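A short worksheet on the structure shown next.
The values are calculated or read from the model by the stated rules, or taken from the named source; none is laboratory data. These figures come from a predicted structure and were not determined experimentally. Quick reminder, even Gly has a Cβ in these numbers, built from the backbone with ideal geometry, and neighbours come from all protein chains shown. Quick note on the areas: whole protein, heavy atoms, side chains included, nothing else; ligands and nucleic acids left out. Shrake-Rupley method; radii C 1.70, N 1.55, O 1.52, S 1.80 Å.
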Amino acid sequence: MAPSHLSVREMREDEKPLVLEMLKAGVKDTENRVALHALTRPPALLLLAAASSGLRFVLASFALALLLPVFLAVAAMKLGLRAHWGSLPPPGGLGGPWVAVRGSGDVCGVLALAPGSGAGDGARVTRLSVSRWHRRRGVGRRLLAFAESRARAWAGGMGEPRARLVVPVAVAAWGVAGMLEGCGYQAEGSWGCMGYTLVREFSKEL
């Protein structure tokens, strides 16, 4: 499917359930890898070992004391990721959410944008997901190009001297990171837990 066969428009209210399912499916594709990456870092392993040792004094089962902290940590991380990226944000100053549509109405991707936290920070992608049935067909690049055009228009309307777009990417989402680097984005920062990166941020001057 060529990108020219795609159009991008604002999401209709009746499309919201489909878009939410798409976002949740996108999170499921990366949450296990993110959890594995986070929980195999030395500080996390040390905390899990300490929790297991403490539970051995109150639980009769050694296996339960070993597995319960891991289960709770993975569940908490998955719930956090789903709450953050598996839901639709409220409408922001850049409009949207936006959907990529194939043909007359086959929704195959979703995009949401928000202004940066401070002056000169540009715009941020807060949601970017493509249906698994339409990946590697140019949908992500089409949505990214649309996000760039919206960021330019917003910056011009706000009188900003420059336009900039920031895209956060989960550390396990290597395909998205590769697409961004191929489109001229550069890694500029990251955030995580206990000194270990869970999300990288890519930016581009437009």
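Summary of computed values
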read-out	value
Beta bridges by DSSP in the chain, antiparallel share as percent, to the nearest 5	95 percent
CD proxy at 222 nm, helix term only [per DSSP H run n ≥ 4: -39500 (n - 2.57); per residue of the chain; nearest 500]	-15000 deg cm²/dmol
Most positive-pole-ward Cα, F202, W154, A173, against dipole of the chain from beta carbon charges	A173
Helix axis angle, 139-157 relative to the chain longest principal axis, alpha carbon, degrees	70 degrees
At most 16 other Cβ within 10 Å, DSSP loop - trypsin sites (Lys or Arg not before Pro), region 71-140	R135, R136
Globularity ratio of the chain, using Cα Rg and 2.2 N^0.38 Å	1.18
Accessible area per residue, Å², region 100-166 with all protein chains present, probe 1.4 Å	48 Å²
Most fluctuating residue given options V27, V169, V70, as computed from a GNM of the chain linking Cα atoms under 10 Å	V70
Nearest-ten-degree value, helix 16-39 long axis tilted from longest Cα axis of the chain	40 degrees
All lysines inside 28 Å of K204 as judged from Cα atoms, apart from same-chain residues fewer than 8 positions distant	K24, K28
Total charge dipole magnitude, the chain, about the Cα centre, Cβ charges on Lys, Arg, Asp, Glu only, Debye to nearest 20	380 debye
Degrees between helix 62-85 axis and first principal axis of the chain (Cα, 0 to 90, nearest 10)	10 degrees
Backbone N under 16 Å from the A25 label point (7 Å along Cα→Cβ), restricted to region 70-89	86-87
Carbon + sulfur, % of accessible area of the chain - ligands and nucleic acids excluded, 1.4 Å	60 percent
Mean separation of Cα contacts under 8 Å (6+ apart) over length of the chain, as relative contact order %	22 percent
Length-normalised contact order for region 80-140 - Cα pairs under 8 Å, 6+ apart - percent	26 percent
